[in-house]
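Reviewing the structure listed below.
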């Protein structure tokens, strides 16, 4: 069974980021055979995320979400655009992910903003961030502005959602990157091996 | 003979007291540290360990000076470190300084090696912080030889070569100081401790226990892998922290401003969350005993328990009161830990026991030759 987790950083109730995450999840359940997908709102975790940034460990509720992310087969990441970039809460969540947690994981990137002029945030801000994390990001990013929620833009948004999820479904059906997080301690790294083999030059 | 050692370790921070707004001088902090160590012996603790730092707001830059001074004023206390920087100190100087302390204290000392965690410190001593793990390994391999071999010729990457060098004084009774390796996230340090059959210490302060269990288990397995004994026989030390009052609500009320403003975790999680999620106890002596005893459930029966007591700007008077309270629960802790301790778990290391073990091994080897 394929498990997908959608992280969304919208702040209002109900936010357009949450609506977009719901659309993506619905499309996943339609297009990926046997997939289950769930949406995690970051807003209720905001204090936990701050505590984790300050203390260096995740409180239990946040740790549960991190475990969900780590064990998911694929991720959806949705953020509102604040001041021309991803939301601070979204970045703080990414900051508390262990740096190798999403290596090789297929990801759909999505964002919402007050105007279509922000749509390149996906490519200029989110894509480099997930590139750093070594995630496998699908080519289509899904941006939704107020125009897209109205009757005029709605079909185009649905098309983008389905196209991005189609790409995700295709990746999930293939062999992926062949890479994922290494949980085991590497006993055979050069530094590790140098411990039990001290140099004896003389 | 003490199966398990209890003690305190200090970071040596000079932190403003958030309640009365005062800050002790470096001079007062250093004198207070000595008073705390003497108090530790008075209340029946086994170990006093000091950190090593080379930047404000910390005062202990010269651990062996302080420890030798304390050794001269105590009779039983084991003097140790938490930690000695194996990265930025010259291993030759570590070998000499700590062997000298060993002689002056009649063997009442050991040391805990650590990397330190402040990148700017490395260049102050001529090193590159990005090489911390490599420095740790090379420096320790040299330190080991300087203590275990009378004449050493050596060449490495980070230090000028040595030709026919003898570190003086030689270790007391020909047995080098016991070494603990402190680390909370570096598998290489656990491997180093396991390879040499040394002790492994997890500070057990800042994070939930799960963060420490992984490396302690790794160390125990690798200790057995290198033939030093079973995983249960590996030598483990743990940190911990507490604030006690007879009435738990008094402890919470009194400690809260210090917790809320403490370096490292202050202004973050609430006192309630942090005590629920990490090894910190703020409460009654009974609560402290229960939480501390549970450490052995998570990490296995172990040899040394050190507590952080003098930090976060706590006034000296309160620190000394905390040590009195620790002294009062100590007999219970010793009895309870001993009661649950399976046969075969080794006692905490002491110089006398290690000299006796070395002598017994030599007699055994001679008997085999003559048999």
Give the residues of the range B:23-52 that are in a helix (DSSP H, G or I) and farther than 29 Å from residue B:335 by Cα, sorted by residue number. B:26, B:27, B:28, B:29, B:30, B:31, B:32
Quick check on the range A:162-183. Is at least one of its residues within 14 Å of chain B (Cβ to nearest Cβ) and either exposed (fewer than 13 other Cβ atoms within 10 Å of the Cβ) or under 30 Å from residue B:162 (Cβ atoms) (or both)? yes
Matching entry among B:249, B:316, B:233, B:305 (being out of contact with any strand residue (DSSP E or B) (no Cβ under 6 Å at 6 or more places or on another chain), under 20 Å from residue B:47 (Cα atoms) and away from chain A (no Cβ under 14 Å)): B:316
Within the range A:43-68, restricting attention to residues that are away from chain B (no Cβ under 14 Å) and in contact with a helix residue (DSSP H, G or I) (Cβ under 9 Å, 6 or more places away or on another chain), which residue is surrounded by the fewest Cβ atoms within 10 Å (Cβ to Cβ)? A:44
Residue B:144 - would you say it is in contact (Cβ under 8 Å) with a residue 40 or more places away in the chain, in a loop (DSSP other than H, G, I, E, B) and within 30 Å of residue B:69 (Cβ to Cβ)? no
Would a scan of the range B:83-102 turn up a residue that is over 24 Å from residue B:203 (Cβ atoms), part of a loop (DSSP other than H, G, I, E, B) and at pLDDT 95 or above? yes
Enumeration of residues in the range B:169-182 that are touching a strand residue (DSSP E or B) at 6+ places or on another chain (Cβ under 9 Å) and either within 14 Å of another protein chain (Cβ to nearest Cβ) or not in a loop (DSSP other than H, G, I, E, B) (or both): B:179, B:180, B:181, B:182
Determine which member of the set B:200, B:219 is assigned to a strand (DSSP E or B), crowded, with 24+ Cβ neighbours inside 10 Å and in contact with a strand residue (DSSP E or B) (Cβ under 8 Å, 6 or more places away or on another chain). B:200
For the range B:271-283, which positions are surrounded by fewer than 19 Cβ atoms within 10 Å (Cβ to Cβ) and either more than 25 Å from residue B:21 (Cα to Cα) or at the interface with another protein chain (Cβ under 8 Å from one of its Cβ atoms) (or both)? B:273, B:276
Residue B:191: buried (at least 23 other Cβ atoms within 10 Å of the Cβ) and within 11 Å of chain A (Cβ to nearest Cβ), yes or no? yes
Kindly indicate which of A:75, A:20 is buried (at least 21 other Cβ atoms within 10 Å of the Cβ) and under 29 Å from residue B:277 (Cα atoms). A:75
If you take the residues of the range B:110-168 that are farther than 24 Å from residue A:193 by Cα and surrounded by 22 or more Cβ atoms within 10 Å (Cβ to Cβ), which of them is nearest to the other protein chains (Cβ to nearest Cβ)? B:167
Select the helices (runs of 4 or more DSSP H) contained entirely in the range A:1-99, then report the ones holding at least 1 residues which are over 25 Å from residue B:271 (Cβ atoms) and free of Cβ contacts under 8 Å to residues at least 24 places away in the same chain. A:16-31, A:60-71, A:88-96
Conditions (1) within 13 Å of another protein chain (Cβ to nearest Cβ); (2) surrounded by 19 or more Cβ atoms within 10 Å (Cβ to Cβ); (3) within 17 Å of the chain's Cα centre (by Cα); (4) part of a loop (DSSP other than H, G, I, E, B) -> residue B:185 fails only (2)
For residue A:118, work out the one condition from (1) in contact with a strand residue (DSSP E or B) (Cβ under 7 Å, 6 or more places away or on another chain); (2) closer than 30 Å to residue B:186 by Cβ it doesn't fulfil. (2)
Checked the range B:318-371 for anything surrounded by 10 or more Cβ atoms within 10 Å (Cβ to Cβ) and not in a helix (DSSP H, G or I); matches are B:341, B:344, B:345, B:346, B:347, B:348, B:349, B:350
Hey, could you check the range A:112-152 for residues that are in contact (Cβ under 8 Å) with a residue 60 or more places away in the chain and closer than 28 Å to residue A:99 by Cβ and say which is surrounded by the most Cβ atoms within 10 Å (Cβ to Cβ)? A:112
Restricting attention to the range B:252-270, which residues are within 14 Å of chain A (Cβ to nearest Cβ), assigned to a helix (DSSP H, G or I) and surrounded by fewer than 17 Cβ atoms within 10 Å (Cβ to Cβ)? B:260
Restricting the range A:184-199 to residues that are facing another protein chain (nearest Cβ under 9 Å) and modelled with pLDDT under 85, which is farthest from residue B:144 (Cα to Cα)? A:199
Residues satisfying the stated conditions in the range B:278-317, i.e. assigned to a helix (DSSP H, G or I) and touching a helix residue (DSSP H, G or I) at 6+ places or on another chain (Cβ under 8 Å): B:285, B:287, B:288, B:289, B:292, B:293, B:296, B:298, B:299, B:316
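The values are calculated or read from the model by the stated rules, or taken from the named source; none is laboratory data. Worth saying up front: this structure is predicted, and the values here are computed from it rather than measured. Here the Cβ is made from the backbone with ideal geometry for all residues, glycine too, and neighbour counts use every protein chain on show.
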